[in-house]
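Here's the structure, in structure tokens; my notes come after.
The values are calculated or read from the model by the stated rules, or taken from the named source; none is laboratory data. Everything numeric here is computed off the predicted structure, so don't read it as measured data. We place every Cβ from the backbone using ideal geometry, glycine too, and count neighbours over all the protein chains shown. Only protein heavy atoms, including side chains, enter the accessible area calculation; ligands, DNA and RNA are left aside. Shrake-Rupley method; radii C 1.70, N 1.55, O 1.52, S 1.80 Å.
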Amino acid sequence: AGILEDPNVTPPKDMWKLTVDPEDAPNTPERITITFKEGKPVRVTNEADNTDLTDPLDLFLYLNTVARRNGVGRIDIVENRFIGIKSRGCYETPGGTILRAAHIDLEGLVLDREVRAYRDEHITPVFGKMMYNGLYFSPEGDLLTKMVPLTQTNVNGSVRVKLYKGSLTMEGRWSETETLYDMEQSSMDVQGDFEPIDSDGFIKIQSIRLKKWGAKFQN
């Protein structure tokens, strides 16, 4: 409402209530580690202030606190409402912003490529739309909430996160149980089971349709 209804008006500084202005945040980065089990956060540590939390509520409240003091978690967008009009929204989700970024990063390490692609193409956008439109308690909501956990079975591991003046940087990630990432197999320095010549047949097969498509432009 008010001046924010003009999407080109910068929100006043005192409008934000849950986060410090990034320009006023500490000049020293803060680093935390978040551990996930089956996609759910189960531990947060911060050696700088001796934090080590495993209780779900305490964990989330702490992430709100650490994000707040580092100016993390603001968003200013124009969105499309369910009723068919556009609306400008300014939101603060400090703890949720950290969890989402860390979770996405860990998925890159431990989640199967095709499972992640299928989830992001067929489940994620539908789930997001359903939640946005307030249809969590609906037949489709019941179906989707049962499907999501199936994609999270292997999302186990930890992510190191740096917070600094409104930004989030993932500085590392690891898993003690998931093995999809193999350092030697993907190394440019170590000779593994994969030989460069193995790519020859793959490239030839992949190029068949491209050659046929490109041929029409040669005449």
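In degrees from 0 to 90, rounded to the nearest 10, what is the angle of the helix 56-69 Cα long axis to the longest principal axis of the chain?
80
How far is helix 199-215 tilted, in degrees, relative to the longest principal axis of the Cα atoms in the chain, given as a value from 0 to 90 rounded to the nearest 10?
So the helix axis and the longest Cα principal axis differ by about 90 degrees.
How would region 1-151 be classified by its alpha-carbon gyration tensor: rounded, prolate or oblate, with rounded meaning a/c under 1.5 and the a/b versus b/c comparison settling the rest? Intermediate values should be presented prior to the final figure.
Working: a/c = 2.10, a/b = 1.03, b/c = 2.03.
It is oblate, given that a/c is not under 1.5 and a/b is not larger than b/c.
Given a 1.4 Å probe, how much area per residue of the chain is accessible, in Å²? Before the final figure, lay out the partial values.
Values: 15280 Å² over 219 residues.
Accessible area per residue, the chain: 70 Å².
Can you list the HN-Hα couplings for region 140-153, worked out from phi with the Karplus curve (6.51, -1.76, 1.60; θ = phi - 60°), rounded to whole Hz and with x for Gly and Pro?
Values, residue by residue: 5, x, 5, 5, 5, 5, 7, 7, 4, x, 5, 8, 10, 3 Hz.
Sort region 80-156 into rounded, prolate or oblate with this rule: let a ≥ b ≥ c be the square roots of the eigenvalues of the Cα gyration tensor; rounded if a/c is under 1.5, and if a/c is not under 1.5, prolate when a/b is larger than b/c, oblate otherwise.
Values: a/c = 2.16, a/b = 1.36, b/c = 1.59.
Oblate, because a/c is 1.5 or more while a/b does not exceed b/c.
Which of the pairs LYS129/LYS165; LYS86/LYS165; LYS13/LYS162; LYS37/LYS162 have their Cα atoms more than 27 Å apart in this structure? Mind showing how you got there, number by number?
On the way: LYS129/LYS165 31 Å; LYS86/LYS165 30 Å; LYS13/LYS162 24 Å; LYS37/LYS162 21 Å.
Over 27 Å Cα-Cα: LYS129/LYS165; LYS86/LYS165.
In what sequence, highest mean first, do 145-157, 13-25 appear when ranked by Cβ atoms within 10 angstrom? Let's see the in-between values first.
Values: 145-157: 15.4, 13-25: 13.3.
Result, highest mean Cβ count within 10 Å first: 145-157, 13-25.
Return the long-range amide H neighbours of ASN154 (sequence gap of 5 or more, or a different chain), with a cut-off of under 5 Å between placed amide H atoms.
Amide H neighbours of ASN154, under 5 Å, 5+ apart: none.
In region 56-144, what percent of the accessible surface is made up of carbon and sulfur (1.4 Å probe, ligands and nucleic acids excluded)? Mind dumping the intermediate values first?
Working: 3270 of 5260 Å².
The computed percentage sits at 62.
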